[in-house]
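Values in this text are rule-based calculations from the coordinates and carry no lab data. Note that the coordinates shown come from a computational prediction; the quantities given were computed from them, not determined experimentally. Cβ: placed from backbone, ideal geometry, glycine included. Neighbour counts: every protein chain shown.
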Amino acid sequence: MSATTEEQLLVRRIREGTVIDHIDAGKALLVLKALGITGREGNVITVAMNVPSVKLGKKDIIKIENRLLAVDETNKIALIAPRATINIVSEYRVKEKRRVELPDLLIGVFNCPNPSCVSNAEKSIASRIEVIDREKQKLRCWYCGRMLEANELISSIY
Ligand code: CTP
Ligand code: ZN
């Protein structure tokens, strides 16, 4: 129901915006990268890492004020933070709580690890990674056809 005392002391509640909760510990910066959030947007963004959590032991939390992230945006983080909870906050209340779901196609989120792939040769071409098997996390580059593992894709955005 309510967040832990430690968490409340660490990061205050927000009035308006999106809270990404239950991110696996240490993954918050990758989540921001996948979302294309740099901090140069100007709104207040709070990142808390390694926060004690009953469910996960430790977790990361991101609070993005004055921005409501859409379903197709937050689904981009499913490979990185599969247990994340998206909370849409309005007037201090959680008005929507949802999970993330891996989409069929990930555009411009990860880089194809194949150095000779056209998506790496041409800056103007955004990567296109198809999800072949959601359960087994089998993915494939739409351009070069290489089969890809979740781990190598995640490390491709560092
Ligand atoms: N939150 C916030 N500002 C608000 C309301 C909520 O920053 N005005 C944050 C809380 O700190 C928490 C998350 O949004 O990290 C979800 O809030 P809530 O649903 O109240 O917490 P829990 O019940 O603990 O969530 P869950 O059941 O998903 O664990
Ligand atoms: Zn490729």
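Can you give me the distance in nm between label points at Ile154 and Val71, each placed 7 Å from the Cα along the Cα-to-Cβ direction?
Distance between label points: 2.5 nm.
With labels modelled as points extended 7 Å from the Cα through the Cβ direction, what inter-label distance (nm, one decimal) is found for Arg12 paired with Asn50?
About 2.6 nm separates the two model spin labels.
Using 1/(1 + (r/R0)^6) with R0 = 25 angstrom and r between the beta carbons of Glu91 and Gln137, what's the FRET efficiency to the nearest 0.05?
The calculated FRET efficiency here is 0.05.
Starting at the first residue of region 134-141, write each ³J(HN,Hα) from the Karplus equation 6.51 cos²θ - 1.76 cosθ + 1.60 with θ = phi - 60°, in whole Hz, x for Gly and Pro.
Result, ordered by residue: 5, 4, 7, 6, 9, 10, 8, 6 Hz.
Run the numbers on the chain and let me know its relative contact order in percent, using alpha-carbon pairs under 8 Å that are six or more apart.
In percent, rounded to a whole number, it is 21.
Among all stretches of the chain without exposed trypsin sites (Lys or Arg not before Pro) (DSSP loop, at most 16 other Cβ atoms within 10 Å), which one is longest?
That would be 84-122.
Sequence gap of 8 or more, or different chains, plus Cα separation below 20 Å: how many lysine pairs satisfy both in the chain?
19
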